[in-house]
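The values are calculated or read from the model by the stated rules, or taken from the named source; none is laboratory data. Everything numeric here is computed off the predicted structure, so don't read it as measured data. Note that we place each Cβ from the backbone using ideal geometry, even for glycine, and neighbour counts take in every protein chain shown.
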Amino acid sequence: MGTKNKLITRFKTLPKDFSWEEVNRMLVGMGYSLRNKGKTSGSRVIFICEGRKPIMLHKPHPGNIIKEYVLKQLFENLKEEGLI
């Protein structure tokens, strides 16, 4: 099993310690690209991929761990898109 698949398998368990870097790596590996929403966007970022719904997230701060409700929303979004 490759690194990408291991990361997706870990994500599916909705771990309490899933980091921003892991989310970024996973989504980029699925074909998404990271974009800022503009100068005034603050911690809001958007992942876009042609032919798929954009995924808007808040970068966690001051820590690096993604909140549980954000992971669940991301899981549902990726499930709807047929990516997991």
Scanning for something out of contact with any strand residue (DSSP E or B) (no Cβ under 9 Å at 6 or more places or on another chain), acidic (D, E) and modelled with pLDDT of 95 or more, does region 49-58 turn up at least one residue?
no
Among the residues of region 9-21, is any of a type in the set (A, V, I, L, M) and on the phi < 0 side of the Ramachandran plot?
no
Which residues, counting only those in region 49-67, are touching a residue at least 12 places away in the same chain (Cβ under 8 Å) and under 12 Å from the mean Cα position of the chain (by Cα)?
I55, M56, L57, H58, K59, P60, I65, I66
